[in-house]
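Working notes, beginning with the structure itself.
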Amino acid sequence: MARLASSFWVQAYLARLGFANIPAYVVAHGDDTAGAVLVKLNLLNGEAQCFQRVNRADGARIWAELARGDEAEVDAAIARQRRFDSDIWVIEVEDRAGRHLLDEPGLDH
């Protein structure tokens with residue numbers, strides 16, 4: 001199955017978040033065509049989560065948690081990923097209620 005260019009998906013994701021009044025920012029601009037995307041959910045209380053896309057054994061692409069806990073620890077996990085792959089996009093979502101919309105249709109895979 002053909003996949004969307006990363007930059008197109010990121011812009012669509014930011015628009016969806018904007019419609020829901022959820023602040024989000026591009027923290028690291030990855031490769032426009034094929035860069036992986038990490039989504040950091042900042043709960044604004046010192047805690048955070050980071051999600052990445054993974055391929056399941058059945059071929060489905062899902063969002064899986066990469067890291068969770070103290071924001072500094074989550075930031076360190078993101079930094080390790082960026083050292084491994086400089087083409088990664090990092091989107092930071094700020095929401096006290098923990099909304100990230102990654103489980104919504106069109107964004108969930």
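The values are calculated or read from the model by the stated rules, or taken from the named source; none is laboratory data. In this text, all values refer to a predicted model and were calculated from it rather than measured experimentally. Backbone-built Cβ (ideal geometry, glycine too); neighbour counts: all protein chains shown. When the accessible area is computed, the model is the full protein with side chains, heavy atoms only, and any ligands, DNA or RNA have been set aside. Shrake-Rupley method; radii C 1.70, N 1.55, O 1.52, S 1.80 Å.
Kindly evaluate A77 against the criterion of being farther than 21 Å from A15 by Cα and free of Cβ contacts under 8 Å to residues at least 40 places away in the same chain. Spelling it out, A77 is indeed farther than 21 Å from A15 by Cα and free of Cβ contacts under 8 Å to residues at least 40 places away in the same chain. Answer yes or no as to whether A97 is outside any helix (DSSP H, G or I), at pLDDT below 95 and open to solvent by 70 Å² or more (accessible area, probe 1.4 Å). No. Highlighted here are the strands (runs of 3 or more DSSP E) found entirely within the range 4-93 that include at least 1 residues which are surrounded by fewer than 18 Cβ atoms within 10 Å (Cβ to Cβ) and either more than 13 Å from the chain's Cα centre (by Cα) or hydroxyl-bearing (S, T, Y) (or both): 24-28, 47-55, 61-70.
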